[in-house]
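Report on the structure given below.
The values are calculated or read from the model by the stated rules, or taken from the named source; none is laboratory data. Fair warning: this is a prediction, and the values are worked out from it, not measured in the lab. Surface accessibility is based on the protein's heavy atoms, side chains included, excluding ligands, DNA and RNA. Shrake-Rupley method; radii C 1.70, N 1.55, O 1.52, S 1.80 Å.
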Amino acid sequence: MTIDVYWRIGMEGDHASLRTPRRYNRGNAGGYGPGNIAPAVRNGALDEYTYLDHVAAVAKATESAGFLGGLLPSFPVTDDPWAFAAALAAETTTYRFMVAFQPGFLHPVQAARMSASLRRATGGRLVYNIISGGGGPAQLWWGDKVSHDDRYARTSEFLDVLRGVWDGEPFDHDGRFFRTEGAALPPGLAGQPFPEVYFSGSSGAAVAAAGRHADYYLSWLEPYADLRAKFDGVRRNAEITGRTPKFAVRIDIVARHTEEAAWAEIEQGWAFVDRDAANRAAQGDSVGAARIKGWVPENITGYRDLEVQPNVWCGFSLIRGGPAFGLVGSYEQVAQRLDELIDLGVDAFILAGNPHLEEAYRVGEEVLPLLGRSRLTAPPTDTVLATAR
């Protein structure tokens, strides 16, 4: 059994550490000021080391540390992940780029052309992270007022059309959201292997769509029993169409030589917790975000109150934006928890840590080699040779 392990790349900028929560000092998410790097302000002007240069360093670090590829998230505050993937391809060799995008903002024929072009240019190193949006202010930023369940219906139709044009045969479609007449990829782009699809969403509409389209159903980390129940629901929906999806989990990690040192990192960040900011970030109609809020106690006496099972902590969203759950512990403990998830049925991980560069080396060098019942997926030989040429 092989396990695909990706690293999250902080497209929105990066934190100095979890000890200084919500302080971005890389990129421009927090503006440019004293202590900022990538770029830095020197003699009153920005230096020439851009955030793209920093992201390239993260990609190269994770490639060398044993990760298969990187997730490129997409938010209103980020650069475009398609453009970043194209730029970063030249900085890496076998590294796969998991591009996050919302299908409602691209026509599927154009998305097929972009995808096929990027796969041909990189030797097939494109992976999809299909997201249908969490509603609320962020969704309105895109000008998208489509309701929750309809967004998943649109996503499903989008993928039907994209697959329909992929092999180069003329494809007609007259649907609720998209229309095509004789659409097809041109020779040279057509007929490549279709990108792997990582599909996320916790609602019934999302699970049903994932059952039809997902190569990997992607979930945030949750208590393990809840994850098992969610995976069972996806399997039942996939069986209707004769498919067998795999499963992936997105996990933040704080791993240190000892458990005490890992919790000390959390303790230092806990002093700055802003629960109101976390609640504001959870606005919208995302079922996954609502599930997580339900696990966070209203009355918290200390950070260890949020340890829902050994080493599984649901307070990350109180320290930095993003999912609530992650793993905190020694290198051996974190590897053991990952192995338990593999036993539960997980086939791939998207791991993360702040700051992304330094933590990528730490997790790659100290945690991944300890995974006991699996081997990390090696890059295909033909990709390595093609890149070497």
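Tabulated data for the structure shown
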| quantity | calculated |
| --- | --- |
| Between 0 and 90°, nearest 10: helix 204-213 axis offset from the chain longest Cα axis | 60 |
| Inter-centroid distance (Cα atoms) of the range 28-88 relative to the range 307-361, Å | 23 |
| Residue-level accessible surface for T94, protein heavy atoms, 1.4 Å, Å² | 30 |
| Contact order relative to length of the range 4-47, as percent, for alpha carbon pairs under 8 angstrom and 6 or more apart | 23 |
| Residue-normalised accessible area of the chain, expressed per residue, 1.4 Å probe, Å² | 42 |
| In Å², nearest 10: area of Y32 left accessible to a 1.4 Å probe | 110 |
| Aspartates and glutamates with Cα under 15 Å of K60, excluding same-chain neighbours fewer than 8 positions away | E91, E358, E359, E365 |
| Tilt relative to the chain, helix 259-270 - C-alpha long axis, 0 to 90 degrees, to 10 | 90 |
| Fraction of accessible area attributable to carbon and sulfur, the chain (%, probe 1.4 Å) | 50 |
| Nearest 10 degrees, 0 to 90: helix 356-366 Cα axis against the chain principal axis | 80 |
| Antiparallel DSSP beta bridges within the chain, percent to nearest 5 | 20 |
| Of L46, L318, L370, the one that fluctuates the most in a GNM where the chain has Cα springs shorter than 10 Å | L46 |
| Percentage relative contact order, the chain, counting C-alpha pairs under 8 Å, at least six apart | 21 |
| Most mobile of A352, A111, A209 in a GNM of the chain (Cα contacts under 10 Å) | A111 |
| The range 118-233: relative contact order as a whole-number percent, Cα under 8 Å and 6+ apart | 25 |
| Calculated [θ] (222 nm, deg cm²/dmol) that DSSP helices of n ≥ 4 give over the chain, each run adding -39,500 (n - 2.57) | -12000 deg cm²/dmol |
